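The values are calculated or read from the model by the stated rules, or taken from the named source; none is laboratory data. Just so we're clear, the structure is a prediction, and the values are computed from it rather than from any experiment. Neighbour counts run over all protein chains shown; Cβ positions are idealised from the backbone, glycine included. Heads up: the accessible areas ignore ligands, DNA and RNA and are worked out on the full protein's heavy atoms, side chains in. Shrake-Rupley method; radii C 1.70, N 1.55, O 1.52, S 1.80 Å.
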Amino acid sequence: MSTQTSSQRLTVPDLAAMKGRQKIVALTAYSTPIARLIDPLVDFILVGDSTAMVAYGRRSTLAMRLEETISHTRAVVDCTQHACVIADMPFGSYQESPEQALRNCAQVLSATGCDAVKLESNRTLASTVAFLVDRGIPVMAHVGLMPQFVNIMGGYKAQGLTEHSAATLHEDARANLGAGAFSLLLEGVAEPLARRISEESRQPCIGIGASPACDGQILVTEDLLGLGGPRKPRFVKQYADVAAVIRVACARYANEVRQGEFPEREHCYGC
């Protein structure tokens with residue numbers, strides 16, 4: 001939990017200043033109820049393209065659409081006061097050209113009021129990151145296991161486990177930091193490499209399946225609550241079984257309705 005006590009929303013410079021001072025705590029949110037609950041507890045909320053899978057049950061994040069990103073991000077921004085809010089740019093919304101990326105990122109920031117965007121970015125896309133930063137758009141660069149590259153990577157596989165893969169990933173990280181990304185998100189990165197990148201970087205590195213040496217950590221909120229489904233990634237620690245609580249509560253409701261026990265007079269009007 002952050003030690004920040006101000007009622008003002010944390011900013012991108014605030015997150016950058018936490019490097020070497022305190023661990024950064026982050027979670028995802030796609031809806032008002034979850035965002036409102038986690039807002040006082042975290043430093044930033046990521047409205048991830050994982051919305052496609054978690055909220056809509058789609059097969060991959062590739063199905064997330066720009067208008068959906070805007071809608072979910074606006075919902076999160078409107079109900080929160082403390083956490084910095086970062087929007088995950090969906091597949092196809094920034095890869096075509098720097099100009100396309102600028103149009104879509106600017107639309108997301110202006111339409112939602114969020115604080116920054118996240119791009120899955122390798123060395124090739126680092127020039128797009130620089131283009132955006134030079135024009136006033138804060139960018140968190142996502143390297144390592146990049147779900148939008150799942151068809152090239154051949155699945156959701158950890159990265160940096162071989163010498164060649166580690167060298168490539170290290171260059172991706174350096175290129176994006178050099179392009180002006182205010183932070184790196186390291187997903188599914190071999191622990192020694194994630195540790196090295198975090199130690200070398202002047203910008204905060206956020207881990208998910210990376211290393212405890214990262215400057216902060218992020219998880220999908222539904223995963224840590226036990227709402228993520230039967231397949232749990234290795235890097236997830238489940239802190240509660242909320243699914244079980246929901247099943248019990250809904251079963252009690254269904255039974256009371258069928259038995260004629262709900263609603264009672266106290267739940268009715270004009271009695």
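If you scan region 173-224, which residues turn out to be among the aliphatic types (A, V, I, L, M), within 15 Å of the chain's Cα centre (by Cα) and in a helix (DSSP H, G or I)?
Scanning region 173-224 gives a single hit, L224.
Could you tell me which residue of region 237-271 is nearest to I218 (Cα to Cα), considering only residues that are part of a loop (DSSP other than H, G, I, E, B) and of a type in the set (D, E)?
D241
Consider only pairs whose beta carbons are under 7 Å apart and that are at least six residues apart or on different chains; among these, list those whose first residue lies in region 155-168 and is on the phi < 0 side of the Ramachandran plot and of a type in the set (S, T, Y) and whose second residue is assigned to a strand (DSSP E or B) and surrounded by 12 or more Cβ atoms within 10 Å (Cβ to Cβ).
Going by the 7 Å Cβ cut-off, the qualifying pairs are S165/Q159.
So which residues in region 169-187 are touching a residue at least 40 places away in the same chain (Cβ under 8 Å), open to solvent by less than 10 Å² (accessible area, probe 1.4 Å) and of a type outside the set (S, T, N, Q)?
Matches in region 169-187: A181, L184, L185, L186.
Would you point out which residue out of G154, G160, G144 is of a type outside the set (D, E), crowded, with 18+ Cβ neighbours inside 10 Å and more than 24 Å from A87 (Cα to Cα)?
The unique qualifying residue is G160.
Starting from residues that are hydrophobic (A, V, I, L, M, F, W, C) and surrounded by 19 or more Cβ atoms within 10 Å (Cβ to Cβ), keep the ones in region 26-44 and report whichever is nearest to A55 (Cα to Cα).
Result: A29.
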